[in-house]
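The values are calculated or read from the model by the stated rules, or taken from the named source; none is laboratory data. Note that this is a predicted model, so its numbers are computed, not measured. All Cβ positions, even for glycine, are placed from backbone atoms using ideal geometry, and neighbour counts span all protein chains on display. Just so you know, the surface numbers come from the protein's heavy atoms only, side chains and all, with ligands and any DNA or RNA stripped out. Shrake-Rupley method; radii C 1.70, N 1.55, O 1.52, S 1.80 Å.
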Amino acid sequence: MASAACNRARLAVTASAFALVVAAGPALAQDAAPSQDATSVGDIIVTAQKREQSIQDVPIAVTALSAETLDAMKIDGGSELVRAVPNVSFSKSNFSMYNFSIRGVGTKAISASSDPAVAVSFNNTPLIRNRLFEQEYLDVNRVEVLRGPQGTLYGRNATGGVVNMIPNLPGPNFDAMMKAEAGNYNSMRGQMMVNIPVTDTFWIRGAGSLTKREGFDYNAFNETRVNDRDLYSTRLSAAWEPTDRFSANLIWEHFGEDDRRSRTGKQLCTKDEGPTQVGSFTVTDSFTRNRMSQGCMASSLFDDAAYGTPNGGAFSHVFMGALMSYGYDPDEFIPASAFYYLTDPYAGVTQSKNLREISTAYDPKFRAENDVVQLNWRYEFNNGLTFHSQTAFAKDDYYSTQDYSRYVSNDIFTDSSIVRSSSPGGSALPPSPAAPGGIYTDPQLGPSSSILSVDVSQSDNKQFTQEFRLQSAWDGRFNFSLGANYLDFKSEDNYYVFNNLFSFIGEYFYNQKLSSRFLDTIPCGDPSAPAWRECVYVEYSPLSELEGDGHNYFRSRNVVRTRSLGVFGEAYWDVAETVRVTAGLRYTDDRKTPTPYPSQLLLGASPDGTPGISSGGYVNRGYPALPDVKQSWDAVTGRFVVDWKPNVAFSDDTLVYASYSRGYKGGGTNPPRVDINPEVIQYQPLASEFAPEYINAFEVGTKNSFMDGRMRLNATAFYYDYSDYQVSQIVDRISLNENFDARIWGVELEGAFYPTPAWRIDANVGYLNTRVADGEKSIDVMNRTQGNADWTLLRPWVQVPSNCIAPTKHVETILSFGFDGPTTGQALQALCSGSARYGSFNPEFDTILPMWAFFGFTYDGVTEAPNYGRGFDADLSGNELPNSPNWTANVGTQYTLPVNGWDITFRADYYWQGESYFRIYNTEYDKLKSWDNTNISVTAENVVSGLSVQFYVKNVFDKTPITDAFTNSDDTGLTTNVFTLDPRLVAISVSKRF
């Protein structure tokens, strides 16, 4: 009977992921420690059926961290979980989300329609959009990290794993806590909690936290501190248990932040000056070299040269200055252009080598709000069955704006107030109002004499989920768990890039007032403007009141609705007293409906609706939607596990298991590109969709306790067959998502040991080996020619975002004609793609400038160049997956001394992460060096009085490793945004329990 009860308890533990309370590695038997230790997650688990059983009996690779563990290791939020879990990496993304990667499986696909590979859940509800990175933990019961594909127990499919934050819920006993903390950077933090039993069956609980901190980074231009923190969280919950068979709880959690947090770190660049030799032709002038420069070179981010600036002379919007003139200065024989376009506007500009120092005229702004409302209830029937329901609604709003570059250019605008002449020695012209004193006032960004570029990342999301589960708790050898869930997710992401050169071009090139003798503008839509005249709508609303219909800035609008239905279950069969078989299946039906809104930067049309003959646009204002794209996939996934508990002499308790599981993640659409009319400007085609990804995961593991519970050692080995891994890079100003096959294998060790009752050591180590399958290939935007000297990189028209490659022999022919810089530059642009107004080398393309007649050769850059002129494929065979370090390791130790009724605990933790790559191409440019992190703390606790005092130092050696990076678009020079750790934080806190 005792054995049967033990097996039933063991079964109940695995029957629900809600039961995963303790970590596979850190937990030690309670009787081996002097008390429930601060870093011991414990050895007792409570399931939905109130059964108690060690997590060591659960055949799942899982780490769970209690509130005490999180506090002792100074893990304040989701990004710091890397220090407690093997084979995990984390990085903030360039936009509104992040990449939490488990065993090399993360979210490197950037799209409003992409799904997270690691499901992040609040109290078992998966949240597609959440504030895992920004939000600090509040009144947490535990955080669980499950490694490997999940989906047959609860929630959504996840190919990488699950991060599940379980809050403390109301209970029948009064409890309260207050905590205050002060530290460097003028940090002030506070937390409070109160639990009130209103009646014997109805209880309420409230919790709140607040963090205010000065900026981690210094803006040398404005002489301000940025990247500060001003955030808070609140949670209200109520629980009702009128009978032993029925219980319900309602939770509302709110998070808010309003500060100057930087969304990304510093922007690095090793300047590309352009080639000095093209074939046999020597290029001597910088202007021509700039037309063959990609802005930044593909060099290591760890070289001193990486702290440079891009070659702004390569920017097509800088080159446009050649097409706008104020007239002729006295004694000059060339017109005074609106921009200083002949030289690099960043020439001589260098950056501090301190990753925490930027230089910008625009301080960042950051706002986020997140609400989650969740209703849970359960009912136990008389026949050993329990029905569970979970209903949740979540809303997430996000806004972040910052300087696009984080450094300041030289002056770019020519003084328009100078009196000039219509021709050399000709009659005087009235001054232009464009840039008096060399200062242009942008409608959104205000006045500036230099290039000012600002981006905005904005997101608005709503999610509804409903889940039902039916579980058995029978006395026999068979049990089951069945469930179904539905998700309805609506999202709108907007990403803007504002640049004062864009607005200037819109006003004074496309909207130039032709009837004026001087450079002037007439707004698009002005009644006095000719109906036939093409114009580009320039929005004059300030940034804080943006209408969002202007074409003088880049806007990527991404609207998508996702509906998902899942039916899942697991069956459990005790084959023998020590052997159990678990089999689970899941059917998923995903339906996604993206609404594409193409971007419209500097695209125009005539007021009468005639498409633009110069810009290539169809409309001059607004962002018309294309027809909805309807996508659907269904997938059958599952897992099969055999576990065995042998009676062996060398351990107190041993579990051995082997499992197979299959994971699935839906596909999606690539964001819509710029809406160019192909009859006006030729345009390179790109894939519009990306495929789902699948993982076949094989895993073996063992969990062991030794020395009467004083030592615990767990080991796991796994192999993944990965199909259609999703990863993106910026192409044509959008995130182009691609699919590649790969394989992954690795080993994980987790252990804990008490040498004495007061001394504890715990550690984990992970080894990871990832490889892209043979034959996979992709175009590397940082190296489009792949070293082929027969092809040369070129910059295209201002409306065309991406660089192209063209035959070196044709480039050499154009250069040898010896035309002036603007004419040569225009001809080189035509090698990328033909333009109806500005020329083409393709006789089949209708243009007013037949370049082939001028230069004596024909060429179609779309059909005759590799991959439509986008470049040569890079061979990815055998490359490592991004953000997949081969090694991760953490070791922690603590010692507790009793002193006059107080327990004084000294703790130190050391984490190390090996080398990795931030892109799939694995070049020297992509390499991320290994880095480490050390944290220490001293805690004095008096259990009788409920008083605790803690002093801690995080990032003891104040290290600033580059933990990840992001490559920006071609038309902004392929600069690189980097990410690093928070600086050294020193603080002392006092807490009191009542």
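Okay, here's what the table says:
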{"quantity": "Total residues in the range 943-978, condition in a strand (DSSP E or B) and out of contact with any Gly (no Cβ under 6 Å at 6 or more places or on another chain)", "calculated": "14"}
{"quantity": "Within the range 384-428, tally of residues that are outside any strand (DSSP E or B) and either farther than 30 Å from Q267 by Cα or touching a residue at least 40 places away in the same chain (Cβ under 8 Å) (or both)", "calculated": "20"}
{"quantity": "Some residue of the range 635-650 being in a strand (DSSP E or B) and among the basic types (K, R)", "calculated": "yes"}
{"quantity": "Residue match in the range 473-480 (condition: surrounded by fewer than 21 Cβ atoms within 10 Å (Cβ to Cβ), among the acidic types (D, E) and touching a residue at least 40 places away in the same chain (Cβ under 8 Å))", "calculated": "yes"}
{"quantity": "Options G215, G155; residue that is at pLDDT 95 or above, open to solvent by less than 30 Å² (accessible area, probe 1.4 Å) and part of a loop (DSSP other than H, G, I, E, B)", "calculated": "G215"}
{"quantity": "Residues within the range 165-203 that are more than 36 Å from the chain's Cα centre (by Cα) and open to solvent by 50 Å² or more (accessible area, probe 1.4 Å), tallied", "calculated": "8"}
{"quantity": "Any hit, the range 327-344, residues being within 32 Å of the chain's Cα centre (by Cα), within 30 Å of K959 (Cβ to Cβ), in contact (Cβ under 8 Å) with a residue 40 or more places away in the chain and crowded, with 20+ Cβ neighbours inside 10 Å", "calculated": "no"}
{"quantity": "Residue that is modelled with the highest pLDDT [pool: residues in the range 475-500 that are outside any strand (DSSP E or B) and in contact with a strand residue (DSSP E or B) (Cβ under 7 Å, 6 or more places away or on another chain)]", "calculated": "N500"}
{"quantity": "Among the candidates Y838, Y868, Y859, residue that is more than 36 Å from the chain's Cα centre (by Cα), touching a residue at least 24 places away in the same chain (Cβ under 8 Å) and within 19 Å of N788 (Cβ to Cβ)", "calculated": "Y859"}
{"quantity": "Matching residues in the range 252-298 - criterion: being open to solvent by less than 30 Å² (accessible area, probe 1.4 Å), in contact with a helix residue (DSSP H, G or I) (Cβ under 6 Å, 6 or more places away or on another chain) and in a loop (DSSP other than H, G, I, E, B)", "calculated": "T270, G274, V283, R291, S293, G295"}
{"quantity": "Enumeration of residues in the range 115-142 that are open to solvent by less than 20 Å² (accessible area, probe 1.4 Å) and polar (S, T, N, Q)", "calculated": "S121, N123, N124, T125, N130"}
{"quantity": "Unmet requirement for F319, which otherwise passes all of (1) aromatic (F, W, Y); (2) assigned to a helix (DSSP H, G or I); (3) surrounded by fewer than 19 Cβ atoms within 10 Å (Cβ to Cβ)", "calculated": "(3)"}
{"quantity": "Any pair with Cβ under 7 angstrom, 6 or more apart, that starts in the range 808-835 at a residue that is touching a residue at least 12 places away in the same chain (Cβ under 8 Å) and of a type in the set (F, W, Y) and ends at one that is assigned to a helix (DSSP H, G or I) and open to solvent by 10 Å² or more (accessible area, probe 1.4 Å)", "calculated": "F817/F855"}
{"quantity": "Failed item in (1) open to solvent by 20 Å² or more (accessible area, probe 1.4 Å); (2) at pLDDT 90 or above; (3) in contact with a helix residue (DSSP H, G or I) (Cβ under 9 Å, 6 or more places away or on another chain); (4) under 29 Å from Y917 (Cβ atoms), with V145 passing the rest", "calculated": "(1)"}
{"quantity": "Criterion (modelled with pLDDT under 95, surrounded by fewer than 23 Cβ atoms within 10 Å (Cβ to Cβ) and either touching a helix residue (DSSP H, G or I) at 6+ places or on another chain (Cβ under 9 Å) or closer than 30 Å to D774 by Cα (or both)) met by exactly one of E844, E915, E864", "calculated": "E864"}
{"quantity": "Of residues in the range 535-563 being open to solvent by 20 Å² or more (accessible area, probe 1.4 Å) and either under 25 Å from Y326 (Cα atoms) or among the small types (G, A, S) (or both), the one modelled with the lowest pLDDT", "calculated": "S544"}
{"quantity": "Members of the range 808-820 found to be closer than 17 Å to F854 by Cβ and open to solvent by less than 20 Å² (accessible area, probe 1.4 Å), listed by number", "calculated": "V811, I814, L815"}
{"quantity": "Answer from L655, L602 - the residue that is open to solvent by less than 40 Å² (accessible area, probe 1.4 Å) and part of a loop (DSSP other than H, G, I, E, B)", "calculated": "L602"}
{"quantity": "Long-range neighbours under 6 Å by Cβ, at least six apart or interchain, first residue over 21 Å from F202 (Cβ atoms) within the range 220-249, second of a type in the set (G, A, S) and open to solvent by 30 Å² or more (accessible area, probe 1.4 Å)", "calculated": "A220/S359; F221/S359; F221/A361"}
{"quantity": "Residue satisfying condition, being within 30 Å of L793 (Cα to Cα), out of contact with any helix residue (DSSP H, G or I) (no Cβ under 9 Å at 6 or more places or on another chain) and surrounded by fewer than 16 Cβ atoms within 10 Å (Cβ to Cβ), within set S969, S930, S945, S877", "calculated": "S877"}
